[in-house]
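Readers should treat all values here as calculations from the given coordinates under stated rules, not as data from a laboratory. All values derive from a computational prediction rather than experimental measurement. Cβ coordinates were reconstructed from backbone atoms using ideal geometry, including for glycine residues, and neighbour counts include every protein chain displayed.
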């Protein structure tokens, strides 16, 4: 394992961030090149834990000559967000300077312009320098895996329809509970990577990208950071690397992915109609039918008629749930993956900011 370091100078005097990057060299020409990163949202740590255990396996494989494709690993992709604290709480999702989500506003370029990303980097603020160097590394790979987590959540992934159903092997290897099929219309990291591949020839969009993959994997919830889970997830990712020929392990055999694969238009975003205290009646992983009571919101504590009920708009699987129990008006409560499109028209792009 070789270790390099990306140095990002801050936008004010005396601040420097250092980003370790781990490299495992492959020994087989033509094997897929892999890029894996975690904690782009700096407080989302299940992926960092996964990588810790995966690298143990990769070092052993390296010693045995079993790594076939070059593998680049960034265990914690956002030192800038990790350094942001407000009243004792890390603020790792949004850049406090620009108020931009760290997983938005990645450059949308053609693959042939990859090297332009890191030209004259000193022209850009620190956050943009970080983003440009991350996506530059990713575009040198064939398979790109961005490890995130949700709030309270099943394990699922956002996978561009251009990679489906070929990418069902990743869902099977990690034993995901669900897949959300995205439309590739945002500037999030994984979609910026796929954009560069789709528009390798500017103006000519590829509908399918065989042999490629750029994916956001949601490794359950923010508090699901345990050695058993991380080890299990690392084994799952190892199985995927083996199936795709990046590592050599003839013992790996995958069953077909049996979970739902749901277009984003079929995801019901359950939101609070009013502010108040949330009492949930249903949990993640449960299937609901139209009309089921999902939550009660206490809007006026102690008052007659001081509650309102939130019910399921259609049948589906509860994929995520918010952990906060005091919610604002229109605050997110749940995501439900459903069999039919939602009656609420969704704008292209991500489900949340």
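On full extension, the segment bounded by residue 11 and residue 63 gains 14.6 nm, given 0.36 nm per residue less the C-alpha separation.
Packing here is the average count of other Cβ atoms within 10 Å per residue, and on that basis the peptides 267-276, 215-224, highest first, run 215-224, 267-276.
Normalised by residue number, the volume inside the convex hull of the Cα atoms of the chain is 150 Å³ per residue. Report, in deg cm²/dmol and to the nearest 500, the calculated mean residue ellipticity at 222 nm for the chain, where each DSSP H run with n ≥ 4 adds -39500 (n - 2.57) and the sum is divided by the residue count. It comes out at -6000 deg cm²/dmol, rounded to the nearest 500. Across the range 2-259, the relative contact order, built from alpha-carbon pairs under 8 Å that are at least six residues apart, equals 25 percent. For the pair the range 17-47 and the range 85-134, the centres of their Cα atoms are 17 angstrom apart. In this simple spin-label model, placing a label point 7 Å from the Cα along the Cα-to-Cβ direction at both residue 136 and residue 56 gives a separation of 3.4 nm. Computed from Cα positions, the angle between helix 126-138 and the longest principal axis of the chain comes to roughly 70 degrees. Straightening the chain between residue 114 and residue 27 buys 28.8 nm, computed as 0.36 nm per residue apart minus the Cα-Cα spacing. Inter-part distance, the range 278-353 to the range 153-219, computed on C-alpha centroids, equals 26 Å.
For the range 103-217, rounded, prolate or oblate, judged on the Cα gyration tensor with a ≥ b ≥ c (square roots of eigenvalues), a/c < 1.5 rounded, else prolate if a/b > b/c? Here the range 103-217 falls in the oblate category. Rounded to the nearest 10 degrees, the inclination of helix 227-243 to the longest alpha-carbon principal axis of the chain is 50 degrees.
Diagonalising the gyration tensor over the Cα atoms of the range 23-86 and scaling each eigenvalue by 5 before taking the square root yields semi-axes of 28, 12, 7 Å, largest first.
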